[in-house]
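The values are calculated or read from the model by the stated rules, or taken from the named source; none is laboratory data. Computed from a prediction, not measured in an experiment: that's the story for all the values here. When we count neighbours, we look across all protein chains shown, and the Cβ atoms used for this are built from the backbone with ideal geometry, even at glycine. Please note that ligands, DNA and RNA were not included when accessible areas were found on the heavy atoms of the full protein model with its side chains. Shrake-Rupley method; radii C 1.70, N 1.55, O 1.52, S 1.80 Å.
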Amino acid sequence: MTVTLKDVATLAGVSVKTVSNVVNGYAFVKPENRRRVEEALAATGYRPNVGARNLRRGRTGFLALMVPELSIPYFGELAGLVITAAQKRGWSVLIEQTQGTRSRERETLSSLGPHLVDGALVHPEALEAADFPSPGEIPLVMLGEHAVDVPIDHVAIDNVLAAQTAVSHLASLGRTRIAAIGRNPARGTSSQRLAGYRTALSLAGLSYSDALVAPAEKWHRSVGAAAMRSLLALDSPPDAVFCFNDLLAIGALRAVAELGLRVPEDVAIVGFDNNEESAFSLPALTTIAPDKTALAEAAIDLVHRRITGDKTLPAQDIQTPFALEIRESTKGR
């Protein structure tokens with residue numbers, strides 16, 4: 001038989017209200033009463049009806065997370081951290097993969113509503129301002145750098161400064177022909193990282209050359225390897241490369257090894273994202289390490305504020321920390 005709050009209250013010798021306060025995590029319960037209720041909860045195996053609770057509150061108990069590709073480790077790691085942060089607030093997370101196309105992103109965003117989720121975290125690649133719902137329709141938080149200007153909460157690292165930090169590190173090693181892999185005009189993140197790359201070159205007194213900037217339609221390992229081969233085939237090949245994510249960098253490492261060159265002696269390489277693979281590549285990859293935990297928690301805090309508080313508050317723009325993780329691909333062994 002289903003155990004009720006009344007059953008727990010009878011066993012604990014307290015009121016149903018006291019049991020409810022303990023179950024819902026309220027602090028104003030006498031320690032002795034809390035102990036008796038917790039023992040009664042354990043003895044009866046009571047489990048709260050989350051669906052009924054959310055219905056009473058006018059909520060679904062779900063958040064949506066929209067990301068381009070779960071096969072890219074950064075998004076898989078971020079999704080796990082968002083789930084953990086959301087669980088602390090009592091939410092489950094529905095994950096939607098869009099492949100970074102505008103049509104799929106628009107379709108996903110338009111399908112979200114209060115009948116399905118309480119709010120959404122979106123990491124767009126191709127959305128434009130007109131694609132977003134009107135403010136107040138559903139609580140939204142945008143993740144990552146994106147060129148679109150919309151009045152919704154936004155959480156990201158400073159991609160321009162992060163890219164500048166990576167390239168400045170390469171310049172500090174005395175590298176003078178620093179290439180980049182990852183240019184893609186359709187990606188807002190790409191334009192930010194390219195801007196940081198160019199700024200760092202300028203600050204180091206190095207000239208910018210289109211020939212040293214390799215395009216990448218997808219930020220995958222195979223694309224990074226192909227781009228690295230093309231760069232190394234130049235009459236004046238690069239002595240360092242900044243890759244716009246770690247997968248591109250892992251591919252670049254492979255291409256350098258296949259051609260019989262050494263990292264970092266012949267070519268120093270820096271990635272971006274600090275996924276787990278980067279620490280176990282050979283050589284281990286120097287990379288920009290965003291604080292993904294801080295990003296996930298800040299996003300959940302913002303969507304919680306929109307759902308439970310004043311929905312008319314001005315949109316917040318939060319920048320979370322990053323660090324340069326220096327490893328063997330630039331400093332050697």
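Listed values, structure above:
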item	result
Cleavage-rule hits (trypsin sites (Lys or Arg not before Pro)) in segment 247-297: DSSP loop, at most 15 neighbouring Cβ within 10 angstrom	Arg262
Those aspartates and glutamates that a straight Cα-Cα span of less than 15 Å connects to Lys331, excepting residues fewer than 8 apart in one chain	Asp239, Glu265, Asp266
Those aspartates and glutamates that a straight Cα-Cα span of less than 16 Å connects to Lys218, excepting residues fewer than 8 apart in one chain	Glu69, Glu125, Asp246, Asp273
HN-Hα J in Hz across segment 127-133 - Karplus 6.51, -1.76, 1.60, θ = phi - 60°, x for Gly and Pro	4, 10, 4, 5, 7, 7, x
Cα-based helix-to-principal-axis angle, 221-232 vs the chain, degrees rounded to 10	20 degrees
5 angstrom amide H check on Thr286, placed H, neighbours 5+ away	Gly271, Arg327, Glu328, Ser329, Thr330
Degrees separating the helix 73-88 axis from the principal Cα axis of the chain, which is the longest one	20 degrees
Net charge of Cβ neighbours under 13 Å - reference Arg177; Lys, Arg +1; Asp, Glu -1	-2
Value of D in µm² per second that Stokes-Einstein yields for segment 79-140, Kirkwood Rh from Cα pairs, at 4 °C (1.567 mPa s)	103 µm²/s
Ala179 long-range amide H proximity, modeled H, under 5 Å	Asp239, Ala240, Val241, Phe242
Among Ala156, Ala249, Ala233, residue whose mean-square fluctuation peaks in a GNM of the chain (springs only between Cα atoms under 10 Å)	Ala233
Largest to smallest accessible area among Leu5, Leu78, Leu94 [probe 1.4 Å]	Leu94, Leu5, Leu78
Fluctuation leader among Gly90, Gly45, Gly182 - the chain, Gaussian network, Cα springs under 10 angstrom	Gly45
Accessible surface ranking that places the most exposed of His154, His220 first, with a 1.4 angstrom probe	His220, His154
Residue-wise HN-Hα coupling along segment 152-159, computed from phi with Karplus coefficients 6.51, -1.76, 1.60 (Hz; x: Gly, Pro)	10, 4, 9, 10, 6, 7, 7, 5
Phi-based couplings in Hz for segment 277-293 (Karplus 6.51, -1.76, 1.60; Gly and Pro marked x)	4, 5, 7, 10, 5, 10, x, 4, 8, 5, 7, 7, 10, x, 7, 5, 5
The chain - charge dipole about Cα centre, Lys and Arg +1 at Cβ, Asp and Glu -1, debye rounded to 20	1100 debye
Proximal aspartates and glutamates relative to Lys17, as straight alpha-carbon distance under 16 Å, when same-chain residues fewer than 8 apart are discounted	Asp7, Glu32, Glu38
Within the chain, helix-based [θ] at 222 nm, where runs of 4 or more DSSP H residues each add -39,500 (n - 2.57), nearest 500	-13000 deg cm²/dmol
Exposure of Ser168 as accessible area (Å², to 10), given a probe of 1.4 Å and all protein chains	50 Å²
Two-site FRET efficiency, Arg262 against Ala195, from Cβ-Cβ distance with R₀ of 41 Å, rounded to 0.05	0.85
Whole-Å distance, taken between Cα centres, linking segment 307-329 and segment 137-183	12 Å
Amide H partners (placed H, <5 Å) of Val267, local residues excluded	Arg262
Peptide ranges 123-133, 61-71, 206-216 listed from the most packed, as the mean C-beta count within 10 angstrom indicates	61-71, 123-133, 206-216
